[in-house]
Structure formats: structure tokens, C-alpha cells
2 protein chains.
Amino acid sequence: MSIDYKKELEKASKRMILVHDPDLLIRLMIRMIVQKVRVTHCSILLHDRVQDSYILTVSGGRTGLKVPEGFTRMDLDNPLVRFFRETKNKSLLNNEVLVYEEAKKLTNLIADSELKDLLSKVLYQMDLFETTTCIPSYFRDELMGILLLGNKNTGAKFDMDELSFFIALSQDVAMNIRNAQLIQELKNELDNKQSLFINTTKAMAAAIEAKDRYTHGHTSRVTTYALEIAKKLEQKNKKVTDKKFLGDIQIASLLHDIGKIGVPESILNKEGLLDPEERKKINEHPMIGVNILQPIHELETVLMGVKYHHERFDGNGYPEGLKGDKIPLIAAIISVADSFDAMTSDRPYRKGFAREKAIDIIKQESGKQFDPYIVEIFLETVAENKI
Amino acid sequence: MSIDYKKELEKASKRMILVHDPDLLIRLMIRMIVQKVRVTHCSILLHDRVQDSYILTVSGGRTGLKVPEGFTRMDLDNPLVRFFRETKNKSLLNNEVLVYEEAKKLTNLIADSELKDLLSKVLYQMDLFETTTCIPSYFRDELMGILLLGNKNTGAKFDMDELSFFIALSQDVAMNIRNAQLIQELKNELDNKQSLFINTTKAMAAAIEAKDRYTHGHTSRVTTYALEIAKKLEQKNKKVTDKKFLGDIQIASLLHDIGKIGVPESILNKEGLLDPEERKKINEHPMIGVNILQPIHELETVLMGVKYHHERFDGNGYPEGLKGDKIPLIAAIISVADSFDAMTSDRPYRKGFAREKAIDIIKQESGKQFDPYIVEIFLETVAENKI
């Protein structure tokens, strides 16, 4: 049965370009070679950019071929690696492919004793791996990998069609791997940047919170509770959320009390009751928070949480006295999470309520202080022991 | 002169996969078609993911062919777009290609009046664009674009070899564009995340700074000065910096006084001289800053700037009394920037020094308070009016 290599290659390329996982790409390629061309075994030495060495990543085909111990990672001084990294050696080869029999002839013809020595070592390694053919792939001048092929099942030599198929395939793979690596690197960088952003915000929010000696750990607990309510909401009702929803809730919860930085310490830490003037000052904290974060336009939704987390469903909250569904969802969620933590935490002048009592109060305040729909969701998370 | 299309295609693919700019990819493809196959003109309708419509992105070849006004953006109800988005229509075509003459025959054979009507409109559009052949490209089932070809210069029809070349090329381009878009989207996301991080840090640092009524705008000015010194240093001496250097300097400058959040307002805002106890409390701010940021391990270098920005070159600074080159570079830079701003800013109880006087003092303190090498760099930025 003859194979249309051009077609196979096109099909392979298309499949590969959709895959953004280097390991999977290599497995695909090796499987294809073993199946289509019927090779006893096939493996690939792949460049590891982090450690600048080459790893025998996957090997497929006939079971039982063992990779000699200690040979799974090859340094830059490994003969095979050295031979193919030295681009001037390309001129010694037909189509950049190193075939065992030809290489053997070559060693007898070469005058340069150093190169002769290197080639002998390469042949020794090919013996070790039972490799008849090495096919390097380059990205620009960088050696990305070497494909190591065993024998054909029939014992015949590879013909020109098969060799060009391997070359094209391995070139395709090298470039796709390069793309996949780039995409992976960008994704990692993005994850790191996100966690840097969250962690810095957390640290600064905690530092600001520390000014208020009554509220140790409050921000972090409110964030946990609000996230649980939000996840449950998203699970039940996709319509009301967007893909930034959980991220926004997290940031808004971390920042909900940021405006306390603008309230004098003497008021924040006052023992005993606050007078109306002091109470007014404390109630300014949502608007102070808004003023701090206003310039950051990516935080538009977050700002709604900071601004309105002290609004009440019945319209008796602050700063604007918004009512019912005029209160943004993000603020309604933080409001429940915030109150639950305030009730259940100890304060220097009183012990926190028992969990059950706080839950009862939240139920009673459904439709008064709190949005009934959010209370419902909150109670479900409580029932599932998530809060 | 006959062309080896397979070779051309391989060359094109290799070139394209290295390009991560969708516009450039399309220009490359169109140039190749016009040059190699000698087509009168050639354009491509490309999917715009943001607006979910199709744009006639580039058109090459014979000059003088005008795109009719109002036809450069095509909505989803455009006949060409509708025809190719409806994947069941593929079965009507040979190799998914729509050739004008064949489509004309087809309209006479089709019974379905709706489809007949659509195809007539498609033909009308092909007339309008002087298009003989339409070649769609898909990513999975999504229509990425349509390649619109004019006549061959010779007037002859495209043969099978040429058509398969176009199909493969346009498929390659579609997939490469998809990759390029993905990479571009990730890069944009990364930029957005970085600016969100910087802006949030700035906003919070400014809010914390506002607690100290003597230092309005200080953080932002110190950041500007430190960045100028760092850029000059990087320009003169690559060896001492790494690629994160400017980013680290920016964050460290923004955060250098973050520890003031832990100093009581009564001390920060005290009028008149501080007593030794109060001075000691103020001098704790670098270590308070370190405690706040310590958990964020990505900020390791930044932390050195926060911790040691009050060290002196002669070893008489705080918190550790580090001396000379034991003081991290990032801290030595912030130290100069910080002092320069402190000297040149007005305070409620005194006017700031003139710029020249502050510069003189920094010169005098070279080797005492400040690292002489950094003073040298600072003076260069001053000479170039960058500070």
C-alpha cells in the first residue's frame, strides 16, 4: 500500500498547527511516523530552552527498546548534539539527513581528525539507540531537535519520498513547537503577572486594614465569602455574570475598605461609641475608595463594589441610598459577605456572634438590608459548608 | 516557466510561520500569488473577530481596480460571506473553490429557490470585484477569510495545480493568522495586566502617601527621577542591569515609602521637631515596608529598594548600616532620587531648596551619603535636562 506523503503532510500540518502543547505535538508526530511509515521505533531529542540541553522526550514504536540510563538528557557536548549544532557540518550531508551507512563511508573520507573523531562518536551513539537515520530540525539557525529513526519493519532502506516526508514533517514540528512555546511562555507570563497583581493588592490592602485595630483579617475573609457566593451564583445563573465576574469580585472584595486609609486613626481606633461627626467620617470610606481607584479605568466594575457595598436593599444605606436592583450585583454580594464577617468576628469590646445567629440575622434582613436573591445564594453556600 | 508549487508552498509556509503579524502575513501571501502565478489582481476578505464582520483587508496586483465604495466592510448578511459561512454549501463545490463559470452553470441546476437567489447575488458580487475564483479558508468550521482572484495575465483558466496551490496557501494563511491573532491577543492581555498592576499600585501608594501631609506627589516624582537615572545607567553599563531592571525600579520607587502606613499619623504630621522616640518610629518605615511586601516573592529585588533606600554609602544609614557596594544598586538609585525630591519640594515649615543648591549638596555628599557612581549618572541626567 503506497502512501501519498504530500497529503499526509498537509493533514498533519493542519492538525499540528491547532495544537498548542509541545509534548502533544511530538507525540502526534511520532505516532504518525510509526503508523504510516512502519518504523520499528522512533524518538526525538528536543531542545530544552530553560536548561539549554536536549531531552529524549518521547519514544514510540516497538516496545523493549531501552534508552540507556543517563542518556535521557544530553548536554551540549554530546556528540550528536555537537554534530548538528555545528551548522557547517550540514554541507557534509544530503538534505541535512544523517544516514548511518553513509556516515560510515564518510568517516573514511574525512581528513580533519577532529571531525572524524566526532563522527565516530556519533555513529557509536546511533548504534546505541539502534538508529538508522537522524533528521535535525532548525528554527532559524537554532537546533530545535533531532528525530531518531529505527529500521523500517520490512528491513528496507528509506526511499527519497519517505525521507522528504520526514524532513518536512520535522521542520513543521520544529516551527509549530516554537509557536507553541511562545504561546506557553506568554500564558505563563500572564499568570505570573496576574498573581503579582493580586498579591500586591492583597498585601497593600492588608497593610491599610492594619490601621483599624478592630478588623484583623477582615478583608481576606470577606474576599473568601464573596467569592463563594459569586461562584454559586455563576453556577446557577450564567446570564447575570460575565467572564471577568469572579476576577472583579476578588479585586473588589480586596479593595472594598481601601477608603479607610482616608479616615483618621483616632476615629478608626476610638474606644466606645462614635459621635455623629465621627460616624459621618467613617461613612465616607466608600467614596474615598472610589476617589483613590477612579483613575484606573480597567476597574470600572470593581469600583461599583467599592462604592456601593454599604447600600441597603430598602434604600436606607449610603452613600447614595440606592434601592433594590439599582444596587450593582457586585456590591450586593460584598454587602452580605462583609456583614457576615462583621457579625461573626470578635471585636475588642464584644465577642462575635455564633455562626447560626449571624445566619439568622441575614435571613431576617433579606429584603431589608440585603438583596433577597443574594441571601438565597448565600444560604445555599452555607448549606454546602462553603461558608 | 513552470513553477514547483509544492516547493513554493513549503517555502511560503516556513516564512509565514515565523511572522506573528496578521497584516504582514496577508501581504506576503498576496504578493506571492500575484508574482508567482501572474494574476491581474487578488484580494482577501478577512474576518474581524472584534466586530464579527469581514474586511477587504488588502488588495494587490493591477492598479486601477477600485473597490466599490461601501464595500470594504462586509456584514454577515453579505451574499459572499453568507454563502461560505453556510458549511453545507461546501458540497456544491469542487475542492471548496467557487469558480465563476462553474457557479453560473450551477445556478441553472439548483432547484432550491433561496439558494439559487443567493448564488445569483454571489455572482453579481464576483462581477463587481472582477473575481474569477473564490477560495475560502476555515479554521475548524469558522470562516476565516475568502481569497478573491482576478484573471491570469494570459487570460487562461487556473489549472488544478494552481488551484491546489491557492487552497493550501490560503489554508496555511488562515491557520497562521489564527496563531498570530492568539499571540497578539495574549500580548495585549499582558500589556493590560501590567498597566492594571502599575496603576493600582500607584493609586494605593498615593493614598498611603496622602496620610503624610508633608509629602504630596513625592512618590510619583521619586519614581520619575529614579527611572531617569536607571535608564541612563542601563544605557552606559548594560552589565549591571537585567531585563527586569527598569520594571523593578519603577515598582520599588512607587513602594519605597509604603511602610509609612505603619507609622502613626500623629508622628507623620507632627509640627516641629521629632523627639528621638518619634524619629525611631519614622525610621522603621523601610522595615515595615519589607514586612508588608515580604510574602510576594516576585518582588524580591524590589524589596531591596524598599529596605535599603535610607542606607548611606559611608555606612551611617539605616536600617542595617550597610556600606559602599554592599548597598543594592536599586536602593542607591532610589536614595539619590528620594533625597533630591525631599530637598527641592516645599514643606509647610520651609520652602524647598533651589534645584542648583540641591544638586550641589548631592555632589558634596558623593561618597558620604550617596554612591559616587550613581551621583555621576544623576549629574549626567541633570545635564541633559532629564531631571
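The values are calculated or read from the model by the stated rules, or taken from the named source; none is laboratory data. The shown structure was predicted, so the numbers you read here are calculated from the model rather than taken from an experiment. Glycine gets a Cβ as well: all are built from the backbone with ideal geometry, and neighbour counts include every protein chain shown. These area figures cover heavy atoms from the full protein model, side chains too; ligands, DNA and RNA do not enter into them. Shrake-Rupley method; radii C 1.70, N 1.55, O 1.52, S 1.80 Å.
In summary, helices (runs of 4 or more DSSP H) completely within the range B:199-296 and bearing 1 or more residues that are closer than 26 Å to B:Leu329 by Cβ occur at B:218-236, B:245-255, B:276-282, B:285-293.
From the list A:Glu278, A:Glu271, A:Glu284, A:Glu298, the lone residue that is at negative phi and facing chain B (nearest Cβ under 9 Å) is A:Glu298.
Are any of the residues in the range B:200-208 closer than 29 Å to A:Ala203 by Cα, within 19 Å of the chain's Cα centre (by Cα), open to solvent by 40 Å² or more (accessible area, probe 1.4 Å) and facing another protein chain (nearest Cβ under 7 Å)? If you could, list the steps in order and put the result at the bottom.
First pass over the range B:200-208, keeping only residues closer than 29 Å to A:Ala203 by Cα: B:200-208.
Those still in the list that are within 19 Å of the chain's Cα centre (by Cα) too: B:200.
Filter again for open to solvent by 40 Å² or more (accessible area, probe 1.4 Å), leaving none.
No, the range B:200-208 contains no residue that is closer than 29 Å to A:Ala203 by Cα, within 19 Å of the chain's Cα centre (by Cα), open to solvent by 40 Å² or more (accessible area, probe 1.4 Å) and facing another protein chain (nearest Cβ under 7 Å).
If you go through the range A:209-253 and pick out every residue that is at pLDDT 95 or above and facing chain B (nearest Cβ under 10 Å), you end up with 1.
Just to be sure before I move on: is B:Gln369 in contact (Cβ under 8 Å) with a residue 12 or more places away in the chain and either under 26 Å from B:Glu234 (Cα atoms) or under 35 Å from the mean Cα position of the chain (by Cα) (or both) in the structure I sent? Here the answer is yes, as B:Gln369 does meet what is asked.
Sort out which residues of the range A:344-370 are of a type in the set (A, V, I, L, M) and closer than 28 Å to A:Ala210 by Cβ, and write them in order of number. Passing the criteria: A:Ala354, A:Ala358, A:Ile361, A:Ile362. Summed over the range B:69-113, residues that are over 34 Å from the mean Cα position of the chain (by Cα) and more than 20 Å from B:Asp52 (Cβ to Cβ) total 25.
Results for (1) polar (S, T, N, Q); (2) touching a Lys or Arg at 6+ places or on another chain (Cβ under 9 Å); (3) within 14 Å of another protein chain (Cβ to nearest Cβ), shown as yes or no for each residue.
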site: A:Arg312; (1), (2), (3): no, yes, no
site: A:Pro319; (1), (2), (3): no, yes, no
site: A:Thr344; (1), (2), (3): yes, yes, no
site: A:Lys357; (1), (2), (3): no, no, no
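Selection of the range A:139-189 for residues being modelled with pLDDT of 85 or more, open to solvent by less than 20 Å² (accessible area, probe 1.4 Å) and within 12 Å of chain B (Cβ to nearest Cβ) yields A:Ile183, A:Leu186. Filter the range B:88-110 down to the residues that are in a helix (DSSP H, G or I) and among the aliphatic types (A, V, I, L, M), then identify the one that is modelled with the lowest pLDDT. Among residues in the range B:88-110 that are in a helix (DSSP H, G or I) and among the aliphatic types (A, V, I, L, M), the one modelled with the lowest pLDDT is B:Leu92. Evaluated against (1) more than 33 Å from the chain's Cα centre (by Cα); (2) more than 10 Å from chain A (Cβ to nearest Cβ), B:Gly262 falls short on exactly one condition, (2).
To keep it simple, each residue is scored yes or no on (1) out of contact with any helix residue (DSSP H, G or I) (no Cβ under 6 Å at 6 or more places or on another chain); (2) at pLDDT below 95.
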| position | (1), (2) |
| --- | --- |
| A:Pro348 | yes, yes |
| A:Gly352 | no, yes |
| A:Pro372 | yes, no |
| A:Asn385 | yes, yes |
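For first residues located in the range B:96-123 and loosely packed, with under 13 Cβ neighbours inside 10 Å, partners that are part of a loop (DSSP other than H, G, I, E, B) and lie 6+ apart or on another chain with Cβ distances below 9 Å form the pairs B:Glu101/B:Thr132; B:Glu101/B:Lys157. Can you tell me which residue within the range A:221-240, out of those that are under 23 Å from the mean Cα position of the chain (by Cα) and among the hydroxyl-bearing types (Ser, Thr, Tyr), is nearest to B:Thr200 (Cα to Cα)? If we take residues in the range A:221-240 being under 23 Å from the mean Cα position of the chain (by Cα) and among the hydroxyl-bearing types (Ser, Thr, Tyr), then A:Thr223 is nearest to B:Thr200 (Cα to Cα).
Residues that are touching a Pro at 6+ places or on another chain (Cβ under 8 Å) and open to solvent by less than 40 Å² (accessible area, probe 1.4 Å) within the range A:277-306 comprise A:Pro286, A:Gly305, A:Val306, listed in sequence order.
Can you find even one residue in the range A:119-135 that is within 14 Å of chain B (Cβ to nearest Cβ) and in contact with a helix residue (DSSP H, G or I) (Cβ under 6 Å, 6 or more places away or on another chain)? No, that holds for no residue.
Quickly run through the range A:321-379 and pick out the residues that are part of a loop (DSSP other than H, G, I, E, B) and open to solvent by 80 Å² or more (accessible area, probe 1.4 Å). A:Lys323, A:Asp346, A:Pro348, A:Tyr349, A:Lys351, A:Lys368 - these are the residues of the range A:321-379 that are part of a loop (DSSP other than H, G, I, E, B) and open to solvent by 80 Å² or more (accessible area, probe 1.4 Å). On the basis of being assigned to a helix (DSSP H, G or I), open to solvent by less than 70 Å² (accessible area, probe 1.4 Å) and away from chain B (no Cβ under 12 Å), does A:Ser195 make the cut? The answer is no for A:Ser195.
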